[in-house]
Amino acid sequence: MIELTDLTKAYGSRTVLDDVSLRIEPGGVTSIIGPNGAGKSTMLTIIGRLLGADGGRVTVDGMDVADTPGRDMARRLSILRQENRFTTRLTVRELVGFGRYPHSRGRLTDECRARVEAALGFLDLVPLADRFLDELSGGQRQRAYVAMVLCQDTDYVLLDEPLNNLDMKHAVSMMRQIRRAADTLGRTVVIVIHDINFASAYSDRIIAMRDGRVVHAGTPAEIMTPEVLEDVFDLEVRVEEIAGSRIGVYY
Amino acid sequence: MLVGVLVWRRHRLLDVLSLGRDTAVNLGVDHTRAAVRILMAVSLLTAVSTALVGPMTFFGFMAATLAYQVTGRHEHRYVLPTAFLVGLCALVGGQFVLEHLLGHAGTLSVVVEFTGGALFLYFLLRKAAR
């Protein structure tokens, strides 16, 4: 379980996280939604220990992310940020192999290699495994990064806007793969996502943020109502039930 | 020599650090500690080599760039020894050419600075053109 207690963060005089307390239960997919500047990515980055908090604490299975040794944390929780630009020229297989670093310190064992191949297969990257990252399309590259964090074999996987820059087809296939990672690999996946309908259709829980606070949390059925969505986004949203999912219409 | 070997033994850590801070932290590297240690090792290496052969601004850049070009790879296990060899060849070879073929016609550091500087400009302009 991920537990946040009185988490605060400010950039200068601007408060981005205002006393957030929250529990994220293990298992399934949890989506964090909210308008720009609500503090979603900041919260995820602090949980993923890439950023320090000004106050409060985050624990993952009881371990404080701020003072647990990096290597122990890296075998329990992985995070992928939106922007990943590497200066080194890597093939997909080399990149995914880096996911094994917390386990093997870079000396890949046979088990590691098997895990790398499994992660490549899981994200349909086998035909691209020996291509360089800069030769791939945005969607393929995004899949390679996700394969790296899955290969890290952590119980918790945090993804910051995994659908960024993906077209409809690739966005759907990415969400299906995330769903499958939760269902068949038993990972707890937490994503920051902009599209409320993707959140509604693919997640088990939704956390809605606004102005640095968690304003609503619950199942998609509880969050996907006109009242809640208007409260979160300050926008009139019609919600219809289509093919078993609650879809918001706001265009 | 000893410091060089110590750095080379950490080549896997260097590979991870080259992915950037966020990815390195995600993979369990204590980034601040690693960065401080490597900077300390680098200062020591720079100090010793400067004391031994004198200051050469572009020499390190030249050796590193050529090492990347020669190996065509990013892994520090290949790049570090190659850079070492490139540096050694350039210095010893250059000194040899100057002393025995050109009859002490100049100082090596001037030649190295010129070629290294030219290489630096070339890469700078190529990057700007992209």
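The values are calculated or read from the model by the stated rules, or taken from the named source; none is laboratory data. Computed from a predicted model, the values in this text were never measured in an experiment. A quick note on method: Cβ atoms are made from the backbone with ideal geometry, for glycine too, and the neighbour counts reach across all protein chains shown. These accessible areas exclude ligands, DNA and RNA; they are computed on the full protein's heavy atoms, side chains included. Shrake-Rupley method; radii C 1.70, N 1.55, O 1.52, S 1.80 Å.
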* **Breaking point among (1) touching an Asp or Glu at 6+ places or on another chain (Cβ under 9 Å); (2) within 27 Å of residue A:179 (Cβ to Cβ); (3) in a strand (DSSP E or B), for residue A:57** => (2)
* Structure fact -> Among helices (runs of 4 or more DSSP H) entirely within the stretch A:63-113, at least 2 residues that are among the β-branched types (Val, Ile, Thr), crowded, with 17+ Cβ neighbours inside 10 Å and more than 7 Å from chain B (Cβ to nearest Cβ) occur in A:92-98
* Asked: With respect to the numbered conditions (1) within 24 Å of residue A:174 (Cβ to Cβ); (2) more than 14 Å from chain B (Cβ to nearest Cβ), which one is the sole condition not fulfilled by residue A:56?
  -> (1)
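In this structure, does residue A:206 turn out to be under 23 Å from residue A:18 (Cα atoms), surrounded by 15 or more Cβ atoms within 10 Å (Cβ to Cβ) and aliphatic (A, V, I, L, M)?
Taking the combined requirement at face value, the residue satisfies it.
Need at least 1 residues that are in contact with a strand residue (DSSP E or B) (Cβ under 9 Å, 6 or more places away or on another chain) per element, so show me which helices (runs of 4 or more DSSP H) inside the stretch B:1-105 make the cut, counting only ones lying wholly within it.
Numbers: elements: B:2-9, B:11-17, B:21-26, B:31-53, B:59-71, B:76-96.
Correct list: B:21-26.
Here is a yes/no grid of residues against (1) loosely packed, with under 11 Cβ neighbours inside 10 Å; (2) in contact (Cβ under 8 Å) with a residue 40 or more places away in the chain; (3) in the same structural domain as residue B:64 (by TED's automatic domain parsing):
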{"site": "B:94", "(1), (2), (3)": "no, no, yes"}
{"site": "B:97", "(1), (2), (3)": "no, no, yes"}
{"site": "B:101", "(1), (2), (3)": "yes, no, yes"}
{"site": "B:114", "(1), (2), (3)": "no, no, yes"}
{"site": "B:117", "(1), (2), (3)": "no, yes, yes"}
{"site": "B:121", "(1), (2), (3)": "no, no, yes"}
{"site": "B:127", "(1), (2), (3)": "yes, no, yes"}
* Structure fact -> Among (1) crowded, with 17+ Cβ neighbours inside 10 Å; (2) more than 7 Å from chain A (Cβ to nearest Cβ), residue B:16 falls short only on (2)
* Structure fact -> The lone condition residue A:51 fails out of (1) away from chain B (no Cβ under 14 Å); (2) open to solvent by 40 Å² or more (accessible area, probe 1.4 Å); (3) without any contact (Cβ under 8 Å) to a residue 60 or more places away in the chain; (4) within 24 Å of residue A:178 (Cβ to Cβ) is (1)
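Conditions (1) out of contact with any Phe, Trp or Tyr (no Cβ under 9 Å at 6 or more places or on another chain); (2) closer than 30 Å to residue A:102 by Cα, marked per residue:
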| site | (1), (2) |
| --- | --- |
| B:33 | yes, yes |
| B:36 | yes, yes |
| B:51 | yes, no |
| B:59 | yes, no |
| B:63 | no, no |
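Starting from residues that are assigned to a helix (DSSP H, G or I) and among the hydroxyl-bearing types (Ser, Thr, Tyr), keep the ones in the stretch A:166-195 and report whichever is least open to solvent (accessible area, probe 1.4 Å). Break it down into steps so the answer makes sense when it comes.
Within the stretch A:166-195, the first condition is being assigned to a helix (DSSP H, G or I), and the residues that meet it are A:168-184.
From what's left, among the hydroxyl-bearing types (Ser, Thr, Tyr): A:173, A:184.
Details: A:173: 39, A:184: 95 Å².
So, considering only residues that are assigned to a helix (DSSP H, G or I) and among the hydroxyl-bearing types (Ser, Thr, Tyr), the one least open to solvent (accessible area, probe 1.4 Å) is A:173.
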* Asked: Of the residues that make up the stretch B:51-71, is at least one within 14 Å of another protein chain (Cβ to nearest Cβ) and at pLDDT 85 or above?
  -> no
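Quickly run through the stretch A:1-40 and pick out the residues that are small (Gly, Ala, Ser) and buried (at least 19 other Cβ atoms within 10 Å of the Cβ). Break it down stepwise before answering.
Step one: filter the stretch A:1-40 for residues small (Gly, Ala, Ser), giving A:10, A:12-13, A:21, A:27-28, A:31, A:34, A:37-39.
A:31, A:34, A:38, A:39, listed by residue number.
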* **residue A:163 within 24 Å of residue A:49 (Cα to Cα) and assigned to a loop (DSSP other than H, G, I, E, B)** => yes
* Asked: Can you find a residue in the stretch A:142-158 that is free of Cβ contacts under 8 Å to residues at least 24 places away in the same chain and in a helix (DSSP H, G or I)?
  -> no
